Ligand code: HEC
């Protein structure tokens, strides 16, 4: 019995490591909606696409509350597109990227204190290991 308990205690951390997509980032707890009523029509349409496509693996609050520069968003949208089963095509990725850049300048850059800087890959890895 004692050995069984010891074995289970050894195995427990392994099951946590395998749940990588369940990592919680600080920005996940923020608001999960954007008021896009003042945005141009194409960006309002892109917001809908963004809301469906970018909420598949994590809460939509994650991108809504993360600040990135234009080139970082470009890299990041590509990275998300290339994850297995992302379901995001090239044209859709481009539309979402353009929405994120406009939203960055219109909403986030004007009030940076309300948002979270993007975490580095190392910081995310650390959270995954917790
Ligand atoms: C196939 C699953 C999946 C989809 C779809 C997805 N993401 Fe992610 N996203 C992740 C995972 C997993 C992470 C954690 C970091 C990692 O492992 O790359 C993450 C992390 C993030 C982060 C945190 C970045 C940081 O450094 O703090 C942002 C922002 C983000 N995603 C935005 C998006 C956007 C925008 C979209 C839509 C274009 C999207 N995600 C679609 C899986 C996904």
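Bear in mind that the values in this text are calculations on the coordinates, not laboratory data. All figures in this text were calculated on a predicted structure; none of them were measured in a lab. Here the Cβ positions follow ideal geometry from the backbone for every residue, glycine too, while neighbour counts run over all protein chains shown.
Simple spin-label model, 7 Å along Cα-to-Cβ: residue 128 to residue 79 in nm?
Simple spin-label model gives 1.0 nm for this pair.
Taking Cα centroids, how far is region 81-130 from region 22-63 in Å?
Going from one Cα centre to the other spans 9 Å.
Using the per-residue mean of other Cβ atoms lying within 10 Å as a proxy for protection, in what order, highest first, do the peptides 56-64, 25-33 fall?
Per-residue Cβ counts within 10 Å, averaged per peptide and sorted highest first, yield 56-64, 25-33.
How big is region 46-94 on each of its three principal axes, counting only the C-alpha atoms and giving the largest first in Å?
25, 20, 20
Which length gain, in nm to one decimal place, applies between residue 90 and residue 121 when the Cα-Cα distance is subtracted from 0.36 nm times their residue separation?
8.8 nm
At a 10 angstrom cut-off on C-beta neighbours, averaged per residue, how do the peptides 87-97, 110-120 rank from highest to lowest?
87-97, 110-120
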